[in-house]
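Reading through the structure tokens given below for one structure.
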Amino acid sequence: MDKAAFPAGAYCDAVARIIAAGQRMDRFGWVPATAGNISIRLPDGSIAITRSGGHKGLLGPQGVIRVDAAGTPFLPADRPSAETLLHCQVYARDPAAGAVLHGHSVASTVLSMAGGDALVLEGYEVQKVFAGQDTHAARVHVPIFDNDQDIARLSHVVAPHLDAMRAGYIIRGHGVYVWGADMDVALARLEGLEFLLACELEKRKIR
């Protein structure tokens, strides 16, 4: 399907939501410089995603492009993020996923570099923002995967763990990935996770 044949309203709405999400993430300092990427699954299964290299707080309509379910751009001249495959992987694995967010916060970067293969969150009221969490007493595991410039190889490492991820995951020294049924849910989960990571970072300062 070419762009002309695609329902323009759905694409324009996705672009507007991605722009707004980028501005919100930028206000919190989660997408410094050209870091991060944002996507929405469109009604036909294709994906609207941020173009490689743009500042997410300064996005305009040209900063969002459309790719197919495998991450191939509909317009050959368009350059999607190098991490587009990680977005495609979530959509392929979770038919309910409608939006994916990736940010590079200080807390996720520093905590993930402290070692270990997961962060465990427990005792926080805010953790109830994640699917399946209805009490602060539950333990939420956030997997940490070593950074890899070979995104296809990284996606294979992440794949076996996707079904068990309630709060997304962290790439070591890099940042977080979260998703949800739509952009509002994804943003709520991102904000919840980033709040909890910031709390964990503060706790380590006072120990």
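The values are calculated or read from the model by the stated rules, or taken from the named source; none is laboratory data. Keep in mind it's a predicted model, so treat the numbers as computed, not measured. Heads up, the Cβs are rebuilt from the backbone with ideal geometry, glycines too, and the neighbour counts pull from every protein chain shown. Side chains included, ligands, DNA and RNA excluded: accessible areas come from the protein's heavy atoms. Shrake-Rupley method; radii C 1.70, N 1.55, O 1.52, S 1.80 Å.
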Of the conditions (1) assigned to a loop (DSSP other than H, G, I, E, B); (2) among the hydrophobic types (A, V, I, L, M, F, W, C); (3) in contact (Cβ under 8 Å) with a residue 60 or more places away in the chain, the single one that Ala70 does not satisfy is (3)
Restricting to region 142-156, what's the tally of residues that are surrounded by fewer than 16 Cβ atoms within 10 Å (Cβ to Cβ), modelled with pLDDT of 95 or more and among the polar types (S, T, N, Q)? 1
One residue is enough: does region 108-129 have a residue meeting the conditions modelled with pLDDT of 90 or more, within 14 Å of Trp30 (Cα to Cα) and not polar (S, T, N, Q)? yes
Of all residues making up region 36-59, the number that are outside any helix (DSSP H, G or I) and either touching a helix residue (DSSP H, G or I) at 6+ places or on another chain (Cβ under 7 Å) or open to solvent by less than 20 Å² (accessible area, probe 1.4 Å) (or both): 16
What is the residue count in region 152-207 for residues that are touching a residue at least 60 places away in the same chain (Cβ under 8 Å), more than 16 Å from the chain's Cα centre (by Cα) and under 15 Å from His87 (Cα atoms)? 1
May I ask you to list the residues in region 87-109 that are more than 21 Å from Gly57 (Cβ to Cβ) and assigned to a helix (DSSP H, G or I)? Cys88, Gln89, Val90, Tyr91, Ala92, Arg93
Out of everything in region 60-104 that is of a type in the set (Ser, Thr, Tyr) and within 15 Å of Val178 (Cα to Cα), what residue ends up being surrounded by the most Cβ atoms within 10 Å (Cβ to Cβ)? Thr84
Just to be sure before I move on: is Ala159 surrounded by fewer than 17 Cβ atoms within 10 Å (Cβ to Cβ), assigned to a helix (DSSP H, G or I) and touching a Lys or Arg at 6+ places or on another chain (Cβ under 9 Å) in the structure I sent? yes
Over region 28-51, the set of residues over 25 Å from Ala198 (Cα atoms) and under 15 Å from the mean Cα position of the chain (by Cα) is Ile40, Arg41, Ile47, Ala48, Ile49, Thr50, Arg51
Could you grab the pairs with beta carbons closer than 6 Å, sequence gap of 6+ or different chains, first residue in region 105-120 and surrounded by fewer than 12 Cβ atoms within 10 Å (Cβ to Cβ), second one assigned to a helix (DSSP H, G or I)? none
Would you pick out the residues in region 121-130 that are open to solvent by 30 Å² or more (accessible area, probe 1.4 Å) and either within 17 Å of Ala70 (Cα to Cα) or touching a residue at least 60 places away in the same chain (Cβ under 8 Å) (or both)? Tyr124, Val126, Val129
Sole miss for Gly192 among (1) closer than 27 Å to Thr50 by Cα; (2) modelled with pLDDT under 95; (3) open to solvent by 10 Å² or more (accessible area, probe 1.4 Å); (4) out of contact with any strand residue (DSSP E or B) (no Cβ under 7 Å at 6 or more places or on another chain) is condition (3)
